[in-house]
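Participant: Structure in structure tokens, see below.
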């Protein structure tokens, strides 16, 4: 049985090849020898090398011989494969008389061998996947040591299994007028049943300072200008609803006059509102508490009873819990919520935007952040970081989430990408991104559906991705285990 037949039977009984590559015919030894049908393939644990070496044009004196040795070389590793010896008449018979036998050499007689079918199998190692395959040649005569010359390149290997190579589609965010707001709550202490403010009363200095600090942070920034200030006051359910209405309204107006006196804002910037009794705040506390009668109190709070009746019912039905609420919770329901609305100027200078990304990203719009990425290397650390900052500053924005999903997938973080894609909307670009995610996760059927839909919606790159998916699906089918190796072997024979 010849070598080719043996190799066919051997390969038929192995696992299907993970990858295979071929190279075009080429000449070596100054055109005297031709290497054709070169193929290198691998399974999980074996590497196959085959080639046809045409030596029909090779001429050797009777006492000369040539040794051909294919060699693999990686960045740090190398390995010589089995050699082929082509010998003149006298050298050929010299080897036969001296019992030529070698596991790593095969002997041929020059003039009789026309095309040598070279086949070898070696254990596969990871470094071989990107190695180069060369042919070393050495010529010698009687009683001399063969010196192998530097190998001639036959091919460069690329034997890693084919992987999906995504191309990402980022969405340029729309420009916007950057309207922002700062919010807070102040707990001003007023004398019992009164509406005037005493700046130094109890904890009032600290609470009043909270409002001033919020306003000053915007007012003193040359890149911002205030467009509105709103204060909404709340009273607790304790006492009559009518009196609480008077207190909530009066105390809110007093606090606004205090602010106006500090800054002399135009009346058109100021507005007030009030809530006589903060039942919503009370409900939030009770719902998260471990009060003995939590459920019963919540039912009363959420009922449609008159406010005074409701408050009295809680007091009488659950006296112990009511005393706790009156002492520990009701004071916190007497608060003033304030909002400072403002506009941030636009930025067009890339260097300025870079600086703000590190110090004050809240001043930037998504469009401004995107602008700076156009001068960065896609996939670089700083490029990815910009989109991470963007989604942190705009966590519910679909464009920010889509772009952040792309960078997460580029970094191989599919878990984070999945979280972002849930909030990426249903644009053509987001459908395409879900196709990329599915492909990276190995779900080629789902990826195919997404890419088809994205292509129908106008995403040009979807067609390229579909071609990849088709190729990967075909390779996946080919790698399915063979259930009838005997039949396969019979066919190969």
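Participant: Does any residue of the range 374-385 turn out to be outside the structural domain of residue 244 (by TED's automatic domain parsing), touching a residue at least 40 places away in the same chain (Cβ under 8 Å), crowded, with 18+ Cβ neighbours inside 10 Å and closer than 30 Å to residue 173 by Cβ?
Facilitator: Checking the range 374-385: not a single residue is outside the structural domain of residue 244 (by TED's automatic domain parsing), touching a residue at least 40 places away in the same chain (Cβ under 8 Å), crowded, with 18+ Cβ neighbours inside 10 Å and closer than 30 Å to residue 173 by Cβ.
Participant: Say we look at the range 172-214 and pick out the residues that are farther than 16 Å from residue 262 by Cβ, assigned to a loop (DSSP other than H, G, I, E, B) and touching a residue at least 60 places away in the same chain (Cβ under 8 Å); which of these is farthest from the chain's Cα centre (by Cα)?
Facilitator: Checking each candidate, the answer is 190.
Participant: Only one residue in 394, 444, 437 is under 16 Å from the mean Cα position of the chain (by Cα), assigned by TED's automatic domain parsing to the domain that holds residue 366 and surrounded by 15 or more Cβ atoms within 10 Å (Cβ to Cβ). Which one?
Facilitator: That would be 437, the only listed residue that is under 16 Å from the mean Cα position of the chain (by Cα), assigned by TED's automatic domain parsing to the domain that holds residue 366 and surrounded by 15 or more Cβ atoms within 10 Å (Cβ to Cβ).
Participant: When both residues are 6+ apart or on different chains and their Cβ atoms are under 8 Å apart, which pairs have a first residue that lies in the range 92-106 and is assigned by TED's automatic domain parsing to the domain that holds residue 82, and a second that is at pLDDT below 75?
Facilitator: Filtered contacts from the range 92-106: 94/142.
Participant: For the range 238-290, what are the residues that are outside any helix (DSSP H, G or I) and in contact (Cβ under 8 Å) with a residue 40 or more places away in the chain?
Facilitator: 238, 240, 270, 271, 272, 273, 274, 275, 276, 277, 278
Participant: How about the range 9-49: which of its residues are touching a helix residue (DSSP H, G or I) at 6+ places or on another chain (Cβ under 8 Å) and at pLDDT 85 or above?
Facilitator: 42, 47, 48
Participant: In a loop (DSSP other than H, G, I, E, B), touching a residue at least 60 places away in the same chain (Cβ under 8 Å) and over 39 Å from the mean Cα position of the chain (by Cα): does that describe residue 229?
Facilitator: Considered against the rule, which asks whether it is in a loop (DSSP other than H, G, I, E, B), touching a residue at least 60 places away in the same chain (Cβ under 8 Å) and over 39 Å from the mean Cα position of the chain (by Cα), residue 229 comes out as no.
Participant: From 230, 244, 204, 158, grab the single residue that is within 30 Å of residue 26 (Cα to Cα) and surrounded by 12 or more Cβ atoms within 10 Å (Cβ to Cβ).
Facilitator: Sole residue among the options that is within 30 Å of residue 26 (Cα to Cα) and surrounded by 12 or more Cβ atoms within 10 Å (Cβ to Cβ): 158.
Participant: Assess whether residue 58 counts as being in a strand (DSSP E or B) and in the same structural domain as residue 136 (by TED's automatic domain parsing).
Facilitator: no
The values are calculated or read from the model by the stated rules, or taken from the named source; none is laboratory data. These numbers were taken from a predicted model, which means no experiment stands behind them. Cβ: placed from backbone, ideal geometry, glycine included. Neighbour counts: every protein chain shown.
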